[in-house]
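Engineer: Just passing along the structure, written as C-alpha cells.
The values are calculated or read from the model by the stated rules, or taken from the named source; none is laboratory data. No experiment lies behind these values; they were computed from the predicted model shown. Don't worry about glycine lacking a Cβ; one is built from the backbone with ideal geometry, like all the others, and counts go over all protein chains shown. For the accessible areas, the whole protein counts, side chains as well, though only heavy atoms, and no ligand, DNA or RNA atoms are used. Shrake-Rupley method; radii C 1.70, N 1.55, O 1.52, S 1.80 Å.
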Number of protein chains: 2
Amino acid sequence: MVGAFAVLGEANRLRILEHLRGSECSVGELVDRLGMSQPAVSKHLRVLREAGFVSSRIAAQQRIYRIEPEPFAEMEHWLAQYRRLWDRHLDALERHLDNQE
Amino acid sequence: MVGAFAVLGEANRLRILEHLRGSECSVGELVDRLGMSQPAVSKHLRVLREAGFVSSRIAAQQRIYRIEPEPFAEMEHWLAQYRRLWDRHLDALERHLDNQE
DNA sequence: TCTTAACATGCCTGTCTGGTTATATGCCTG
DNA sequence: CAGGCATATAACCAGACAGGCATGTTAAGA
C-alpha cells in the first residue's frame, strides 16, 4: 500500500494519470502535452506500470498506455478503513469543494 | 493532492496512522509501540500534522495526537474521478463471469 | 528554583530519486 | 538492408529526505 502512495506522491506522475484518465495515449502524445522530456516520461511510465497503475500495448512503433483500475480499487479499500472517521464531515467538505468551482 | 500522497508514501508514517486509527496516542506511546526513536516519531508527526492528517492537543507534559478526517475525505473525492474506470472493469468482469456460465 | 519528564528542533550523513544527455533496441519504409 | 521513428535504457548529477545524535523548550513536582 505504501508503494502505491509513493508512486502517486509525484506531481508529474499524477499529471500523466490525469491525461490517461481521458483516453489512452502513446508516449509521444504525453511528451507533447506534458511538455517534459521523453526519457522522463518513459521513466515515470515504467514506475506506474510496475505499480500496476497503467499497462501498455504495442502498436507499430508506438506503445499505447492506458490506466489499469486495480490499484485504485485497492486504495479505495484501504480508505474504507478510515471512512467512519470522516463521513460525518463529508457533506460539509463537498459543499466547500462545490463552492470552490 | 500530490502532497497528501507523498506524505502517505512512507512506511513509518502509515504505521503511525494505523495506530492512531484505533485511538489517539501520546508521542511516547507511539515510540514504544513502533520501536523507533523519539525524534523520528516527532518528525513524522510534524509532517502528518502539516498535511492535516493529524492534530495534537497538550495534556500536561504530553502531546496527544489524533487523526483528522479531512485529508482522507479529499482523497476519497480524488479517487471518485477514477471510480468509473474500475466500475466498468467490474461490470466487464461480471459479464465475463456470466458468459462463462 | 532545581530537576526531571515529554517532546520538538538543528545539524549531519547516507541513501534514494527525478532529470538530463547519450546510446541502445525494435519497427517500418523505401 | 539502410535509414528514420518511437521508445527504452544507462550513466551521471543535484536536490530531497529519513534516521541518528545532541540540544532546546516547556511543564510538573520537590
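Engineer: Please label the shape of the range B:1-68 as rounded, prolate or oblate, based on the square roots a ≥ b ≥ c of the eigenvalues of the alpha-carbon gyration tensor (a/c under 1.5 means rounded; beyond that, a/b larger than b/c means prolate, else oblate).
Structural biologist: It is prolate, given that a/c is not under 1.5 and a/b is the larger ratio.
Engineer: What are the label-to-label distances in nm, one decimal and shortest first, from residue B:52 to the same spot in the other copies, with labels 7 Å along Cα to Cβ?
Structural biologist: 2.8
Engineer: Between residue A:11 and residue B:21, how many nm apart are label points set 7 Å from Cα along the C-beta direction?
Structural biologist: Those two pseudo-labels are separated by 3.0 nm.
Engineer: Using only protein heavy atoms and a 1.4 angstrom probe, determine the accessible area buried between A and B, summed over both sides, in Å² to the nearest 100.
Structural biologist: Protein heavy atoms only, the A-B interface buries about 2900 Å².
Engineer: So if R0 is 30 Å, what FRET efficiency would residue B:38 and residue A:49 give, r being the distance between their Cβ atoms, rounded to the nearest 0.05?
Structural biologist: On the way: r = 39 Å, r/R0 = 1.31.
With R0 = 30 Å, the Cβ-Cβ based efficiency is 0.15.
Engineer: In the full protein assembly as shown, how much of residue A:29 is accessible to a 1.4 Å probe, in Å² to the nearest 10?
Structural biologist: Rounded to the nearest 10, the figure is 80 Å².
Engineer: Given label points at 7 Å from Cα along Cα→Cβ, what nm distances, shortest first, separate residue B:74 from the same residue in every other copy?
Structural biologist: 2.5
Engineer: Just to confirm the numbers: residue B:2, label point 7 angstrom along the Cα-Cβ line, distances to the other copies in nm, shortest first?
Structural biologist: The projected label point of residue B:2 is separated from its counterparts by 2.3 nm.
Engineer: With labels modelled as points extended 7 Å from the Cα through the Cβ direction, what inter-label distance (nm, one decimal) is found for residue B:60 paired with residue A:57?
Structural biologist: With each label point 7 Å from Cα toward Cβ, the separation is 6.5 nm.
Engineer: Here's something else I'd like to know. Given a cut-off of under 8 Å on Cα pairs at least six residues apart, what relative contact order in percent is computed for the range B:1-68?
Structural biologist: Values: 69 pairs, mean separation 23.9, N = 68.
Averaging sequence separation for qualifying contacts and normalising by length gives 35 percent for the range B:1-68.
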